[in-house]
């Protein structure tokens, strides 16, 4: 049932709306607050501007997330539409409204919450443990400093507190739980009968002139698309990088100048015993926790020197309140500076190997720390990083070369508009040729090819290109890639001869008629069985129903979801009942509903789990209503053309910024 709830949230929200009729609308949120880029304000929220630069960054990050999930085939152009950009801006407005409200209510994340959140991020873990190296590498990839990242995360956590305050306030009536359980858990036993289109195809008799009539009445349907033969030149940083050679002396000089970059900071391996106590706990609770920690420290120090480590590990397993390390005898593995809260770090880096600290107090409680190993700071050898340095220098040189070459490339293909070869030779680039380039790429075309880029195709098939065979302008097909093309040969769209398409037309006509015959036969049988006046073939077909299967809103088995929906909406006041529909394949399916059974009674644990699941859904609805109300009360101004698009989406008034 709970998997059903997670995968059918829209249906669940619809059912909940019927049961308790709240007037709520849910809107989503996107992203963190963006570092301001650009000066042009395209929206204002409570006097704070959202700039064009922030929107552009949010768009780029959205494309990057989609490519990370679905691969490089995701085109940036999919998100470069007025509607997509308005949707992203709408998310930024909602996030800004929430952030301002969180500040107004003095909601903030503590250092402890921040650290726990960072250490729980899977991408920053190595074998289940937080990795400082991964943390620094990931930030470097994003071009972000720890200060900026942590500030963004603090803002996000403060907004989550606002979110949680709304969502956790939901009270779920038990009658809603009972009714929802009854609706979702009801099961119906059905027997299927499928009238297949293929079985009716043999019955179709086409008129002698049917194919000719279909061909004549659809002149635009049987066309060979317009295609072209083109030549093109690609200027990219990657192509220029292959022309760059980095001497060993330059790599060595870079290494010597940036040696700090290749330092591996000192790391220390620590074990600890934690006696947890909240920062906001009472003085009595803090005193109790401190007394317990002092007692554990005495036990550790009372152990003979040879057995201190074993005694420490034993006490950590028995008494530490840190579930992540207690099972491992308190071991935290190697830690670099910045990986822990300041009091813990200061104590750890003041110890000698094998030494036990005094009590160390942090926001987590009281720690006893044992230093079990030291990895001294060191510098990676030149040979170990030479490849990385050469690649970095080459990339930088290529980027500079590309930046310098881009304008000259664009000017060259324009000024020598009748040929690409001179510009290609100037930059050491090949002139490539492609045939059968279509104005609209065929489904499944290689999206990595520049010749599927909509802007480049529009330029290739522009009136000037078709008439004069001039070079197209240099068009940026992806960031860091310019392409210019020239049309060599144009093949206009032509109608295929009837002999070439007659078999396809015949198949289409037979399929349409076979679908109609199957549907007519199915509807006739269904009407007879529902009325009880069964005659002829319908009476015989009653015996043709397949084996019984059980369906519900949770389980559909081999029954298509569309059919399950029809089965569950069918009146079962009198059994057997019958449901029928045309399947996506065109086959007509009839289901005899033989019996039904009510949902099983929920035990205590399942009732609690279902109540929590419904509560989360209702909480999300209530939070959406709260956010919508905040937006209505906030002074939101949006510049054209986004204002109209956002108005259409939300139905909420936004003022157009002057």
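A few points about this structure:
- Selection from segment 128-147 of residues that are under 23 Å from the mean Cα position of the chain (by Cα) and part of a helix (DSSP H, G or I): 134, 135, 137, 138, 139, 140, 141, 142
- Of the numbered criteria (1) under 30 Å from residue 140 (Cβ atoms); (2) more than 37 Å from the chain's Cα centre (by Cα), the one residue 265 fails is (2).
- Residue match in segment 91-111 (condition: touching a helix residue (DSSP H, G or I) at 6+ places or on another chain (Cβ under 9 Å), outside any loop (DSSP other than H, G, I, E, B), surrounded by fewer than 17 Cβ atoms within 10 Å (Cβ to Cβ) and without any contact (Cβ under 8 Å) to a residue 40 or more places away in the chain): no
- When 580, 624, 615 are screened for being in contact (Cβ under 8 Å) with a residue 40 or more places away in the chain and either part of a loop (DSSP other than H, G, I, E, B) or under 30 Å from residue 519 (Cα atoms) (or both), only 580 passes.
- Considering each residue of segment 292-305 in turn, at least one proves to be at pLDDT 90 or above and over 15 Å from residue 356 (Cβ atoms).
Matching residues to (1) buried (at least 22 other Cβ atoms within 10 Å of the Cβ); (2) part of a loop (DSSP other than H, G, I, E, B):
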{"residue": "332", "(1), (2)": "yes, no"}
{"residue": "345", "(1), (2)": "no, no"}
{"residue": "351", "(1), (2)": "no, yes"}
{"residue": "358", "(1), (2)": "no, yes"}
{"residue": "361", "(1), (2)": "no, no"}
{"residue": "366", "(1), (2)": "yes, no"}
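- Scanning segment 203-220 for residues that are loosely packed, with under 12 Cβ neighbours inside 10 Å and assigned to a helix (DSSP H, G or I) returns 216, 217.
- Residue match in segment 398-411 (condition: touching a strand residue (DSSP E or B) at 6+ places or on another chain (Cβ under 7 Å) and either more than 22 Å from residue 234 (Cα to Cα) or not in a helix (DSSP H, G or I) (or both)): no
- Lone unmet requirement of (1) out of contact with any helix residue (DSSP H, G or I) (no Cβ under 7 Å at 6 or more places or on another chain); (2) buried (at least 19 other Cβ atoms within 10 Å of the Cβ); (3) touching a residue at least 40 places away in the same chain (Cβ under 8 Å) for residue 290: (2)
- Residue 189, sole failed condition from (1) closer than 21 Å to residue 556 by Cα; (2) surrounded by fewer than 19 Cβ atoms within 10 Å (Cβ to Cβ); (3) touching a helix residue (DSSP H, G or I) at 6+ places or on another chain (Cβ under 9 Å): (3)
For every residue, the table says whether it meets (1) part of a helix (DSSP H, G or I); (2) free of Cβ contacts under 8 Å to residues at least 60 places away in the same chain; (3) closer than 30 Å to residue 209 by Cβ.
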{"position": "443", "(1), (2), (3)": "no, yes, no"}
{"position": "447", "(1), (2), (3)": "no, no, no"}
{"position": "458", "(1), (2), (3)": "yes, yes, no"}
{"position": "464", "(1), (2), (3)": "yes, yes, no"}
{"position": "473", "(1), (2), (3)": "no, no, no"}
{"position": "476", "(1), (2), (3)": "no, yes, no"}
{"position": "484", "(1), (2), (3)": "no, no, no"}
{"position": "487", "(1), (2), (3)": "no, no, no"}
{"position": "490", "(1), (2), (3)": "no, no, no"}
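- Only one of 582, 636 that is assigned by TED's automatic domain parsing to the domain that holds residue 102 and buried (at least 16 other Cβ atoms within 10 Å of the Cβ): 636
- Test set (1) at pLDDT 85 or above; (2) in a loop (DSSP other than H, G, I, E, B); (3) within 38 Å of the chain's Cα centre (by Cα) - residue 417 fails condition number: (3)
- Hey, residue 594 over 23 Å from residue 183 (Cα atoms), in contact with a strand residue (DSSP E or B) (Cβ under 8 Å, 6 or more places away or on another chain) and modelled with pLDDT of 85 or more or not: no
- Any hit, segment 507-514, residues being touching a residue at least 40 places away in the same chain (Cβ under 8 Å), in contact with a helix residue (DSSP H, G or I) (Cβ under 7 Å, 6 or more places away or on another chain) and not in a helix (DSSP H, G or I): no
The values are calculated or read from the model by the stated rules, or taken from the named source; none is laboratory data. Because the structure is a prediction, the values reported are computed rather than measured. Cβ coordinates were reconstructed from backbone atoms using ideal geometry, including for glycine residues, and neighbour counts include every protein chain displayed.
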